[in-house]
Amino acid sequence: MAIADFPPLEHADEHGLLALGGDLELESLLLAYSRGIFPWPISEEYPLAWFSPDPRGILAFDKLHLSKSLRKFLRKNPYEIRFNTNFEAVIMNCAKVPRAENQGTWITQDIIDSYINLHKHGFAYSVETYLDDVLVGGVYGVCINRFYSGESMFHTADNASKVALIALLYQLKQKDIGWLDTQMVTPVVESLGGVEITRETYLKMLAVSIK
């Protein structure tokens, strides 16, 4: 697939799968995200697949939900939060997180290399949580103008990834950015107030944020 030839989003199947093949060059990734598409390797046979699901998952600051236990934890938060100080370590740790049913990770070496390149060019970010100067959690994603996505996160200590995600939302709020693209609503995202919206609504929000 020539990367400029993404099919219309309406051609995506019921799982959001839109296309197979192509490359992960900087221009290709920026084009994909600007159109509401993201790469997600699904198997060794299909190491590069492109998705645009409908509905789409987002996490909005004004819908942020903090459980009673999480609020209690945050009052005594033992972690130090840092931004963009160790992107490579965050994505490498995220790559170690297994997928459901022991299917390995979707974060292939090509994904790692490509998103590190995105970060070096200013189009990807990381939020890290440290305990006694040791990295114990984090989240990384794509950032283009006022658009932010959350690609993956990891933790090796209690609530470390949630703390990073919450810190990110507060940081975005300070920039008057009210939402984060989560692509899908995972149990963690749902616990924090994540919701599904139609792809049509998502694309309208994306157009405003990315221009």
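Key figures for this structure:
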quantity: Subset tally (residues that are closer than 22 Å to residue 208 by Cα and of a type in the set (D, E, K, R)) for region 1-60; calculated: 5
quantity: All positions within region 100-128 that are at pLDDT 95 or above, aromatic (Phe, Trp, Tyr) and in a loop (DSSP other than H, G, I, E, B); calculated: 123
quantity: Given (1) outside any loop (DSSP other than H, G, I, E, B); (2) open to solvent by less than 20 Å² (accessible area, probe 1.4 Å), index of the condition residue 41 fails; calculated: (1)
quantity: Matching residues in region 110-160 - criterion: being under 15 Å from the mean Cα position of the chain (by Cα) and among the charged types (D, E, K, R); calculated: 128, 146, 151
quantity: Listing of strands (runs of 3 or more DSSP E) fully contained in region 129-211 that carry 2 or more residues being out of contact with any strand residue (DSSP E or B) (no Cβ under 8 Å at 6 or more places or on another chain); calculated: 134-144
quantity: Count - residues of region 44-86 that are within 24 Å of residue 135 (Cα to Cα) and assigned to a strand (DSSP E or B); calculated: 4
quantity: Filter result for residue 150 (open to solvent by less than 10 Å² (accessible area, probe 1.4 Å) and either over 18 Å from residue 16 (Cβ atoms) or not aromatic (Phe, Trp, Tyr) (or both)); calculated: no
quantity: Those residues of region 189-205 which are closer than 25 Å to residue 161 by Cα and hydrophobic (A, V, I, L, M, F, W, C), in sequence order; calculated: 189, 192, 195, 197
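The values are calculated or read from the model by the stated rules, or taken from the named source; none is laboratory data. The shown structure was predicted, so the numbers you read here are calculated from the model rather than taken from an experiment. FYI the Cβ positions are ideal-geometry reconstructions off the backbone, even for glycines, and counts take in every protein chain you see. Side chains included, ligands, DNA and RNA excluded: accessible areas come from the protein's heavy atoms. Shrake-Rupley method; radii C 1.70, N 1.55, O 1.52, S 1.80 Å.
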